[in-house]
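K.L.:
Let me begin by handing over the structure; questions about it come next.
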Amino acid sequence: MRRKSGLVLLALAVFFAALSPLLRWYAFPRLAKVPANQYQDMVLEAKDATLLDYGTMTAKKVSKVTIVQTLKGDVEASEKIEKTAGRDVVVWDGLSYVQGPDGKMVSKIPERYIFDAHTQEPVHATGEMVDGTPVKREGIEFKWPFLVEKRDYEYFDAQARVTAPIHYKGTRDFRGVSVYYFEQTIPWTKVPFPRTMPVEGITPETVAATGTTRWYTTVRKFWVEPVTGAPVYGEEIHQEELRGGTLLGGREKVTAFAGHVKMREDYIESTVDLVKSQRVLVLLMTSYLPWGFLSLGVLLLALALYLEARGRRPADPVPAETSAPEPVTA
């Protein structure tokens, strides 16, 4: 009976020991993915910013500039691209909407971002664009891959339409969450005017005809939770200028926007709470369950060996029965 129990425990030990690496290295890369129907929004603010008054073409200090960013998954487009790509694909339609302190639109730039649901690598397909202009992204945007490494990554800048390194700067604590801090600097770069201008009747073409150009630089900062690859906080030190041309009335340049853009407090709190809950799900598949199954396998193996050793031990000898002495008769 002990031998049968030992064989059962040995089989279970092998099963759980084999399940541990399978869950981590086979199941996790296939099961962990960004959902195609995800929707999220984010509000950022630049307080005490500088903003161009297009009526007078002069830069003025304003109390606040607000940037609303939305990302909406297009499930139908994802399924269509998956048929030819041969892998799980996510299509995000994004919009960056900037408004001044009076609530009026400053700019709005739509994007279509297509990427691999598991690795977050760009997938090049029809419809990939920034502000209506087709692009071919290289590097990540918005989200890091699962299980972020302590290294530099290539990050796509939608304003300049270029990919540049975003540098790992160390591990930090952000509101009780251990995060990796990344920073990217985009030097002054000539960029196109938005297709939708803040003044009715003015188009990028009419501005270009004056010889005036638009330039941009930024220092981009992200605090990224490494297990999920989700940024829990972000900032930008953002500057834009108009340079040259008759539109500036002989001036060399004028500031179009300058400000330190930060996430609004209520969105920081909700983002941290969401990332904490998602982090547990990823850790279940990458750490808790694999190590738990491996420990259980080792325990079951030890128990099986113990029962086998008990089964091989010789039984204690049974003492021989002694009969009572017969009475002696004369």
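K.L.:
For a quick check of your reading of the model, give me the residue pairs whose first member lies in the range 193-216 and is under 13 Å from L247 (Cβ atoms), whose second is aromatic (F, W, Y) and surrounded by 13 or more Cβ atoms within 10 Å (Cβ to Cβ), with beta-carbon atoms closer than 7 Å and at least 6 apart or on different chains.
P.N.:
Listed by first residue and then by second, the contacts come to V199/Y54; P204/F193; V207/F193; R214/F193.
K.L.:
Open to solvent by 40 Å² or more (accessible area, probe 1.4 Å) and modelled with pLDDT under 95 - does that describe any residue in the range 169-180? Even if it seems obvious, please write down each step before you answer.
P.N.:
Initial filter on the range 169-180 (open to solvent by 40 Å² or more (accessible area, probe 1.4 Å)): 169, 171-173, 175-176, 178.
Retained after the next criterion (residues that are modelled with pLDDT under 95): 175-176.
Yes; the residues of the range 169-180 include at least one that is open to solvent by 40 Å² or more (accessible area, probe 1.4 Å) and modelled with pLDDT under 95.
K.L.:
Let me ask something else about it. How many of the residues in the range 86-105 are touching a residue at least 12 places away in the same chain (Cβ under 8 Å) and assigned to a loop (DSSP other than H, G, I, E, B)?
P.N.:
Qualifying residue count for the region: 5.
K.L.:
Determine which member of the set T50, T84 is surrounded by 14 or more Cβ atoms within 10 Å (Cβ to Cβ) and polar (S, T, N, Q).
P.N.:
Checking each option against the conditions leaves just T50.
K.L.:
I've got another one for you. Could you give me the residue pairs with C-beta distances under 9 Å whose first residue belongs to the range 54-65 and is over 18 Å from G103 (Cβ atoms), whose second residue is assigned to a loop (DSSP other than H, G, I, E, B) and modelled with pLDDT under 95 wherever it lies, and which are 6+ apart or on separate chains?
P.N.:
Once the first residue is over 18 Å from G103 (Cβ atoms) and sits in the range 54-65, its partners that are assigned to a loop (DSSP other than H, G, I, E, B) and modelled with pLDDT under 95 give M57/G249; M57/R251.
K.L.:
Assess whether L274 counts as being of a type in the set (A, V, I, L, M, F, W, C), open to solvent by 40 Å² or more (accessible area, probe 1.4 Å) and either under 29 Å from the mean Cα position of the chain (by Cα) or not assigned by TED's automatic domain parsing to the domain that holds G100 (or both).
P.N.:
Numbers: of a type in the set (A, V, I, L, M, F, W, C): yes; open to solvent by 40 Å² or more (accessible area, probe 1.4 Å): yes; either under 29 Å from the mean Cα position of the chain (by Cα) or not assigned by TED's automatic domain parsing to the domain that holds G100 (or both): yes.
Yes: the conditions hold for L274.
K.L.:
Consider M42 carefully, then state whether it is in contact with a helix residue (DSSP H, G or I) (Cβ under 8 Å, 6 or more places away or on another chain) and surrounded by fewer than 18 Cβ atoms within 10 Å (Cβ to Cβ). Walk me through how you get there before you give the answer.
P.N.:
On the way: in contact with a helix residue (DSSP H, G or I) (Cβ under 8 Å, 6 or more places away or on another chain): yes; surrounded by fewer than 18 Cβ atoms within 10 Å (Cβ to Cβ): no.
So M42 fails the test.
K.L.:
Could you say which residue among T163, T206, T255 is under 23 Å from G132 (Cβ atoms), touching an Asp or Glu at 6+ places or on another chain (Cβ under 9 Å) and hydroxyl-bearing (S, T, Y)? I'd like the intermediate steps shown before the answer.
P.N.:
On the way: T206 fails: touching an Asp or Glu at 6+ places or on another chain (Cβ under 9 Å); T255 fails: under 23 Å from G132 (Cβ atoms).
Checking each option against the conditions leaves just T163.
The values are calculated or read from the model by the stated rules, or taken from the named source; none is laboratory data. All figures in this text were calculated on a predicted structure; none of them were measured in a lab. Positions of Cβ are backbone-derived with ideal geometry, glycine not excepted, and every protein chain shown enters the neighbour counts. Ligands, DNA and RNA are excluded from the accessible area calculation, which covers all protein heavy atoms including side chains. Shrake-Rupley method; radii C 1.70, N 1.55, O 1.52, S 1.80 Å.
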